[in-house]
């Protein structure tokens, strides 16, 4: 079985993603608060990148931050995400990216719950939820 190549050109991403996913993942957009499909979700599983399928967050670390976006206090592994300083919108924030495809996921803040004190504020459009028994582990 041939391994699927990850789309890299803008046109290939447009073919693979919905317009909303493309706007958020590739153009660093954001969805309106309280509108994302995973904001209020209590389903169990692993949240993967909607662009490339990379494992990102576990439902076990998801909590209701009241911010209007799905929030997690830690990723499944620190090597699954990348962080960059984002100085857009006249403020300095920490942007969270998928380490596999470099898709924009959301932002990280230092106002989360224990045990980490972190809040990964992630756009639902950047995520797909897979039940734990359907997630491939490597």
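From the list 38, 73, exactly one residue is farther than 28 Å from residue 12 by Cβ, in contact (Cβ under 8 Å) with a residue 24 or more places away in the chain and touching a helix residue (DSSP H, G or I) at 6+ places or on another chain (Cβ under 6 Å). Which is it? Lay out the reasoning, then the answer.
Values: 38 fails: farther than 28 Å from residue 12 by Cβ.
Being farther than 28 Å from residue 12 by Cβ, in contact (Cβ under 8 Å) with a residue 24 or more places away in the chain and touching a helix residue (DSSP H, G or I) at 6+ places or on another chain (Cβ under 6 Å) holds for just one of 38, 73, which is 73.
When the range 11-27 is examined, which residues are found to be surrounded by 11 or more Cβ atoms within 10 Å (Cβ to Cβ) and either out of contact with any strand residue (DSSP E or B) (no Cβ under 8 Å at 6 or more places or on another chain) or at pLDDT below 95 (or both)? Steps first, answer last, please.
Here is the first cut: in the range 11-27, the residues surrounded by 11 or more Cβ atoms within 10 Å (Cβ to Cβ) are 12-14, 16-18, 20-26.
Result: 12, 13, 14, 16, 17, 18, 20, 21, 22, 23.
The values are calculated or read from the model by the stated rules, or taken from the named source; none is laboratory data. Only a predicted model underlies this, so the values are computations on that prediction, with no experimental measurement involved. With ideal geometry, Cβ positions are generated from the backbone for all residues, glycine too; neighbour counts draw on all protein chains shown.
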